[in-house]
Structure formats: C-alpha cells, structure tokens
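To start, the structure itself, in structure tokens.
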Amino acid sequence: MHLEYFQLIDRITDLDVGKRTITVEAQVPQASTIFEGHFPGYPLMPGVLLIEAMAQTSGWLLIALLKFERMPFLASVKEAKMRDFVTPGELLTIDASIVHDGSGFAITDAKVRVGGKLKCNATLTFRHTPFPNPDLRGHMESMATRIGFPQQAIAHG
C-alpha cells in the first residue's frame, strides 16, 4: 500500500467477470505517518481507509465489467461495519461482488478479511461515467498494469 497516494490495492488475485467478483490483496505497511496520529502507541488502520480499500476493490471490478470504458466514482457507503481492528503489517484480503448495475450506477458488497477473519464490510454505491480525460485513463491503465489487472480488459482501446 502507498497510503500517501491512496493506492490501497497491491494486487488482484482473482477477477471473475462472469461471476462479477474480485479478490485483491493489500499489505498494510509496518510504518506510515498515518499511524503516528491513529493512534499514538496503538497504531490502527483508519476505518475510512478500509472503506476506501473496499471501494478501490469494487472499482476495479466495475472497470473490468465496463470494459475499461467508464470510471466508477464512489457515491455512497451503506451498512459499513468495522468488526475488528486492522494493525500495521497485516495482509488484507478484500472481496467484492456486484449486487446491482444499471442506469449509470452500480452497487457492490465488499469485505475485508485478515487470515480468513472478517474485519469489516460495507455496501457501496458507485456512479460510473466515461473517463473525464485522457490523463485519468492513462493513470488508471498504468495502475492496472501494476496491480495485475487482466491485460485483455486494458487492450480494449
């Protein structure tokens, strides 16, 4: 993870467009300025960043389903539950699946686990639009390569 850049996904481990599911991994860093204030002497991954990690996971699933033609933007968070703490050094497994997609919006269910134990989950709603400019699309294509996004989805052009 690179928290300072909001790059919260390290690699895609499974992407099934047919089943409309994705699994990713993300290694929480041992040290980050985030932990200096959250909390001194008891470092915890902020819940808002766990939600963002679930949103990014869901976003990559949507980009795949939308054939890299549209960009998803987080619109709402419902039913977010922080069930247990996430600490520096832990390896997160994040799963997301599509609940609904249509009319320019999509809803996903997402979960964060550590060692199989559920740490948090949420229902997320996204608005998806054509990429607003070539710079953002180029950045997303570069990031996709870095995290192991299936090349056939990027090559769409």
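The values are calculated or read from the model by the stated rules, or taken from the named source; none is laboratory data. What you see is a predicted model, and the numbers here were worked out from it, not measured in a lab. Glycine also receives a Cβ, built like all others from the backbone with ideal geometry; neighbour counts cover every protein chain displayed. These area figures cover heavy atoms from the full protein model, side chains too; ligands, DNA and RNA do not enter into them. Shrake-Rupley method; radii C 1.70, N 1.55, O 1.52, S 1.80 Å.
Under unit Cβ charges (Lys, Arg +1; Asp, Glu -1), what dipole magnitude, rounded to 20 debye, does segment 10-90 have relative to its Cα centre? Mind showing how you got there, number by number?
Numbers: 8 positive and 10 negative charges, 75 e Å.
With only Lys, Arg, Asp and Glu charged at Cβ, the dipole is about 360 debye.
Which listed residue (Leu15, Phe149, Gln56) has the Cα farthest towards the positive end of the charge dipole for segment 1-155, taking +1 on Lys and Arg C-beta and -1 on Asp and Glu C-beta about the Cα centre?
Leu15
Angle between the Cα long axis of helix 47-65 and the longest principal axis of the chain, 0 to 90 degrees, nearest 10?
20
Can you work out the PRE-style zone for Tyr42? Point 7 Å along Cα to Cβ, and I want the residues of segment 55-90 with backbone N under 13 Å.
Hits in segment 55-90 for Tyr42 at 13 Å: 85-86.
Return one whole number: the accessible area per residue of the chain in Å², for a 1.4 Å probe.
About 51 Å² of surface per residue is accessible.
Per the 1.4 Å probe, what fraction of the accessible area of the chain, in percent, lies on carbon and sulfur atoms?
Working: 4290 of 7940 Å².
Carbon and sulfur together cover 54 percent of it.
Which net charge results for the neighbourhood of Arg113, defined as the other residues with beta-carbon distances under 9 angstrom from its beta-carbon, given Lys and Arg at +1 and Asp and Glu at -1? Working shown, then result.
Details: positive: Lys111, Lys117, Lys119; negative: Asp95.
Spelling it out: positives minus negatives among the neighbours equals +2.
What ranking do 127-136, 52-61, 68-77 get when scored by the average of other Cβ atoms within 10 Å per residue, highest first?
On the way: 127-136: 11.9, 52-61: 24.7, 68-77: 16.6.
Averaged packing, sorted descending, gives the order 52-61, 68-77, 127-136.
Show me, bin by bin at 5 Å from 0, the whole-percent P(r) of the chain based on Cα pairs.
All Cα pairs, binned at 5 Å, distribute as 2, 9, 20, 22, 21, 14, 8, 4, 1, 0 percent.
Give the dimensionless ratio obtained when the Cα radius of gyration of segment 50-109 is divided by 2.2 N^0.38 Å. Mind showing how you got there, number by number?
Working: Rg = 12.8 Å, N = 60, 2.2 N^0.38 = 10.4 Å.
So the Cα radius of gyration is 1.22 times the expected 2.2 N^0.38 Å.
Using Cα centres only, tell me the gap between segment 75-145 and segment 1-63 in whole Å.
The two parts, judged by their Cα centres, are 8 Å apart.
Where does segment 78-143 land on Rg/Rh, using Cα atoms and the Kirkwood Rh?
On the way: Rg = 15.2 Å, Rh = 14.0 Å.
In segment 78-143, Rg relative to Rh is 1.08.
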